[in-house]
Amino acid sequence: MQSKITIAIQRKGRLFESSKKLLIKSGINFSTSGEKLLARSSNMDIDILLVRDDDIPSLVSKGVADLGIVGQNVLAEQAATNRQITAKSILKLGFSKCKLAFAKPLNSKLRSLKNKTIATSYPALVKKYLSKNNINADVIKINGSVELTPYIGIADCICDLVSSGATLDANNLIEFKTLMESEAVLISTVESKKISQINIINLIKRFEGVINAAESKYVMLNAQSNAIDKICKLLPGADSPTIIPLQKDNKVAIHALCKEPVFWETMEKLKSNGASSILVLPVEKILN
Ligand code: ATP
Ligand code: ZN
């Protein structure tokens, strides 16, 4: 008998919607309502723990959950302070992309971090960065509203998460150095290749299938036979297109799975190289 899989995801916040969407697109039916902390899948032997994102690395490290979805920033900060955090990222999920960056007030003359005071919710990562770069500076830990600290005189600059930059703009701050890029990741205490539970292996393959499909497009077009090579070279991230002869005019249909974005510019280039009736279709799932 296969044992049950437990997955920890964020209950509310920036990771929740995309984490839920990934599980549902992977075929796990479940519903989350109200203050529920545990959701049981109705069609698979899977429990979903709905928790704060900060608790996810330790729930997975302690074995309470087999898998978890969390930002690389949270995992890295916790792993840098606590040796009991043994969970590692096993798959990048492509959502909740942001970066941990240093920022200073627009009118600040600050040129280096040397001897400055930095306010952050990520003190371990900032201290690691400073020691790696031999910079002597003070780090103060602030849990929320880090953006205010330079204005109330407790810090010269901050190190905080930035995605669009709108929060920095709204607080008259300007970013000047990136400490790390981050996105949501799937975490486990066991490396992907060493996972022995077949139902977990299959579930990770489904996650990969959903992530790959999100970026992939299926392209269909018609072309003269003598343009096949030129056109195939223009198809972004396509391994081996299918060529099907058309009944008339020495023409072929070319079908390809493009694993990279297909922009209007690409389509225009295909057209100017002799392609016609170009269709770009979304791909829902891929199983390699
Ligand atoms: P919780 O209540 O679960 O502790 P939280 O307030 O700590 O939630 P959120 O603000 O929901 O966390 O952010 C969760 C994660 O989303 C972050 O750790 C980060 O990986 C990612 N993220 C993406 N963009 C941003 C951003 N602009 N600001 C903050 N986090 C972001
Ligand atoms: Zn949190």
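The values are calculated or read from the model by the stated rules, or taken from the named source; none is laboratory data. For clarity, every value in this text was computed on a predicted model and none was experimentally measured. Cβ coordinates were reconstructed from backbone atoms using ideal geometry, including for glycine residues, and neighbour counts include every protein chain displayed. Protein only, heavy atoms only, side chains kept; ligands, DNA and RNA dropped before computing areas. Shrake-Rupley method; radii C 1.70, N 1.55, O 1.52, S 1.80 Å.
Beta bridges assigned by DSSP with both partners in the stretch 98-182 are antiparallel in approximately 65 percent of cases. Couplings 3J(HN,Hα) for the stretch 142-158, derived from phi with the Karplus relation 6.51 cos²θ - 1.76 cosθ + 1.60 (θ = phi - 60°), are 10, 7, x, 6, 4, 4, 7, 4, x, 8, 9, x, 9, 8, 7, 8, 10 Hz, where x marks Gly and Pro. The overall shape of the stretch 30-137 is prolate: from the C-alpha gyration tensor, with semi-axes ordered a ≥ b ≥ c, the ratio a/c is 1.5 or greater and a/b exceeds b/c. Our coupling estimate for the stretch 166-178, obtained by passing each phi through the Karplus curve with A = 6.51, B = -1.76, C = 1.60 and θ = phi - 60°, is 5, 5, 4, 4, 4, 10, 6, 10, 10, 6, 10, 7, 8 Hz, Gly and Pro reported as x.
Could you tell me whether the chain comes out rounded, prolate or oblate from its Cα gyration tensor? Rule is a ≥ b ≥ c as square roots of the eigenvalues, rounded for a/c under 1.5, then prolate if a/b exceeds b/c, otherwise oblate. Because a/c hits 1.5 or more and a/b fails to exceed b/c, the chain counts as oblate. Each of 225, 164 has its accessible area taken with a 1.4 Å probe; listed largest first, they run 164, 225.
In this structure the amide hydrogen of residue 87, modeled in the peptide plane, comes within under 5 Å of the amide hydrogens of 61, none closer than 5 places in sequence on its chain.
Summarising the amide proton neighbourhood of residue 157: residues at separation of 5 or more, or on other chains, whose placed amide H is nearer than 5 Å comprise 117, 119. Long hydrophobic helices in the chain: the complete DSSP H runs spanning 24 Å or more by Cα along their own axis with mean Kyte-Doolittle hydropathy of at least -0.5 are 198-215. Solvent-accessible area of the stretch 151-198 (1.4 angstrom probe, protein heavy atoms only): carbon and sulfur portion equals 49 percent.
Antiparallel as a % of all DSSP beta bridges within the chain, to the nearest 5? Percent antiparallel among DSSP bridges in the chain is about 75.
In the chain, the DSSP-assigned H stretches of four residues or longer account for a calculated mean residue ellipticity at 222 nm of -7500 deg cm²/dmol, using -39500 (n - 2.57) per stretch and the full residue count as denominator.
Of the cross-linked pairs 21/269; 97/205; 21/127; 12/259; 92/271; 248/271, those separated by over 24 Å at the C-alpha level are 21/269; 21/127; 12/259; 92/271. Computed over the stretch 203-247, the alpha-carbon pair-distance distribution with 10 angstrom bins reads 22, 42, 23, 13, 1, each value a whole percent.
Under a 5 Å amide H cut-off, with hydrogens placed 1.01 Å from N, residue 11 pairs with 51, 52, 53 among residues at least 5 apart or on other chains.
Within the assembled protein chains, the solvent-accessible surface assigned to residue 162 is about 10 Å², based on a 1.4 Å probe.
For residue 284, the accessible area of its heavy atoms, probed at 1.4 Å with every protein chain present, is near 140 square angstrom.
About its Cα centre, the dipole of the chain is roughly 380 debye, where the only charges are +1 on Lys and Arg Cβ and -1 on Asp and Glu Cβ.
Based on C-alpha pairs under 8 angstrom that are at least 6 apart in sequence, the stretch 215-282 has a relative contact order of 50 percent.
Per residue, the accessible area of the chain comes to 57 Å² when a 1.4 Å probe rolls over the protein heavy atoms.
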